[in-house]
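Everything below concerns the one structure shown next.
The values are calculated or read from the model by the stated rules, or taken from the named source; none is laboratory data. Nothing here was measured: the structure is a model prediction, and the numbers come from that model. Reconstructed Cβ throughout: ideal geometry from the backbone, glycine too, with neighbour counts over all protein chains shown. To get the accessible areas, we keep the full protein, side chains included, count just its heavy atoms, and leave off ligands, DNA and RNA. Shrake-Rupley method; radii C 1.70, N 1.55, O 1.52, S 1.80 Å.
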Protein chains: 2
Amino acid sequence: MGRWEPDAVGRLRAAAVDLYVEKGFDQATVTDIAERAGVTPRTFFRYFADKREVLFSGSVDLQKAVVTALEEAPETATPYEAVWAALEAASTMIGQNHDWSRMRNEIIMANAELQERELIKLAALAAAMAEGLRVRGVKEPDASLTAEVGIAVFRVAFGRWVAGPANRKLTRTMRQCFDRARALI
Amino acid sequence: MGRWEPDAVGRLRAAAVDLYVEKGFDQATVTDIAERAGVTPRTFFRYFADKREVLFSGSVDLQKAVVTALEEAPETATPYEAVWAALEAASTMIGQNHDWSRMRNEIIMANAELQERELIKLAALAAAMAEGLRVRGVKEPDASLTAEVGIAVFRVAFGRWVAGPANRKLTRTMRQCFDRARALI
DNA sequence: TACAGTCATGTCAGCAAGTGACATCAGCAC
DNA sequence: GTGCTGATGTCACTTGCTGACATGACTGTA
């Protein structure tokens, strides 16, 4: 046993999410969160760059999965097909937990600052995908265009999935949007 | 003559942009800006919701132009073609002033918070475009997909144009990316 | 001419986010 | 036991942003 209760990060994360749901993101102060986690506000900012970041710790793994999928996609795949591999990998990760996704999404949609953070994470994902495509030999502007379109598809598909019934598969919705985009463009 | 110098908003905007360039967005405090504009910090927040918003006052007009273009696009146009009309209108507005766009873009790219704001404005633009398409009778998810892809094209094209030489036409770059997306997807 | 109302701005007090510098002290290595 | 390390606490501070109220030039009207 350490000097303090272990897993301060875990307690902070849990406390934050609880409070964001209970009182709303704006009303939940860092002091509240820290207090509930049995810790000082200063400690909160040691683990999370800011109040929003609590909800985005998963984005690192997501980005890794996406990049890996791009690397492992068959050499013969077109850029858009390679992007599909990335979207599929992302869907598999996120699609596991419809409940969590829905709750998290509700918190985010209720607050503009959180939407901003969500968007910049997706922009970073797009940038990573574009880089992954460039590694595959795709030139600009093709790499960026394909990656950005991929993220566009992701956004729409995720939005539909998260608003729909829990038993629907994200991968399925993603594929439908992916194909539909192809038909529309 | 009023009790104070006229056009406080204009002075605030100018002072803010100047200082963002001179010292960087983070280092420029609202107190600085207000002081240079000969006004109280409180007044700054009467005109701008926050420190970032100064750089985004044009987005209202942009959105109007886009929506109008969608309304006026020929009935026979496919969704993607209607989106082109919107992108063209946006390009015509923004493409006028390469210097201003480049400076503004440099300020924004140097700061994550500003990029977040830029992204949410673009997301709002996408939402407005999707709504415009729905008005045209396009169903979901087609409306959202087409609109989001349109914004993806816009992002890439704008990025290329703003980084390129001043005499290049935004509309041209936009069209190239628009067509290239069609080829890639 | 006086009077009332309005509008842009000032004044002031205050909260919450976020940061830097330094203190503390359990546990571990040696 | 000595000394180091790492996680947390403590404190003081800056900055963004807000609410409530004050001020006084301008405008319209009787």
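Tabulated results
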| quantity | calculated |
| --- | --- |
| Condition met for A:Ala16 (away from DNA strand C (no atom under 11 Å from the Cβ) and either away from every other protein chain (no Cβ under 14 Å) or open to solvent by less than 80 Å² (accessible area, probe 1.4 Å) (or both)) | no |
| Count of segment B:21-43 residues which are closer than 18 Å to B:Arg117 by Cβ and more than 13 Å from DNA strand D (Cβ to nearest atom) | 1 |
| Yes/no for B:Glu81 being acidic (Asp, Glu), within 14 Å of chain A (Cβ to nearest Cβ), open to solvent by 30 Å² or more (accessible area, probe 1.4 Å) and in a loop (DSSP other than H, G, I, E, B) | no |
| Segment B:84-100, residues that are in a helix (DSSP H, G or I), open to solvent by 20 Å² or more (accessible area, probe 1.4 Å) and of a type outside the set (Asp, Glu) | B:Trp84, B:Ala85, B:Ala89, B:Thr92, B:Met93, B:Ile94, B:Trp100 |
| Cβ-Cβ under 8 Å pairs, at least 6 apart or on other chains, segment A:35-64 side within 14 Å of chain B (Cβ to nearest Cβ) and on the phi > 0 side of the Ramachandran plot, far side at pLDDT 95 or above and more than 12 Å from DNA strand D (Cβ to nearest atom) | none |
| Filtered residues of segment A:164-185 (kept if open to solvent by 60 Å² or more (accessible area, probe 1.4 Å) and within 11 Å of another protein chain (Cβ to nearest Cβ)) | A:Gln176, A:Asp179, A:Arg180, A:Arg182, A:Ala183 |
| Residue in segment B:128-145 that is more than 11 Å from chain A (Cβ to nearest Cβ), within 24 Å of B:Ile108 (Cα to Cα) and open to solvent by less than 70 Å² (accessible area, probe 1.4 Å) present | yes |
| Number of the condition not met by B:Asp18 [criteria: (1) closer than 29 Å to B:Asn167 by Cβ; (2) touching a residue at least 24 places away in the same chain (Cβ under 8 Å); (3) within 16 Å of DNA strand D (Cβ to nearest atom)] | (2) |
| Checking B:Glu113 against (1) in a helix (DSSP H, G or I); (2) open to solvent by 40 Å² or more (accessible area, probe 1.4 Å); (3) more than 10 Å from chain A (Cβ to nearest Cβ), the condition it does not meet | (3) |
| Extreme residue, nearest to B:Ala152 (Cα to Cα), among residues of segment B:44-78 that are crowded, with 17+ Cβ neighbours inside 10 Å and within 16 Å of DNA strand D (Cβ to nearest atom) | B:Phe56 |
| Test result for A:Ala123, buried (at least 18 other Cβ atoms within 10 Å of the Cβ) and touching a Phe, Trp or Tyr at 6+ places or on another chain (Cβ under 8 Å) | no |
| Single residue of B:Ala124, B:Ala65 found to be within 11 Å of the chain's Cα centre (by Cα) and assigned to a helix (DSSP H, G or I) | B:Ala124 |
| Condition met for A:Gly150 (facing another protein chain (nearest Cβ under 10 Å), under 18 Å from the mean Cα position of the chain (by Cα) and not basic (Lys, Arg)) | yes |
| Filter result (over 26 Å from B:Cys177 (Cβ atoms), among the aliphatic types (A, V, I, L, M) and not in a helix (DSSP H, G or I)) within segment A:139-185 | A:Ala166 |
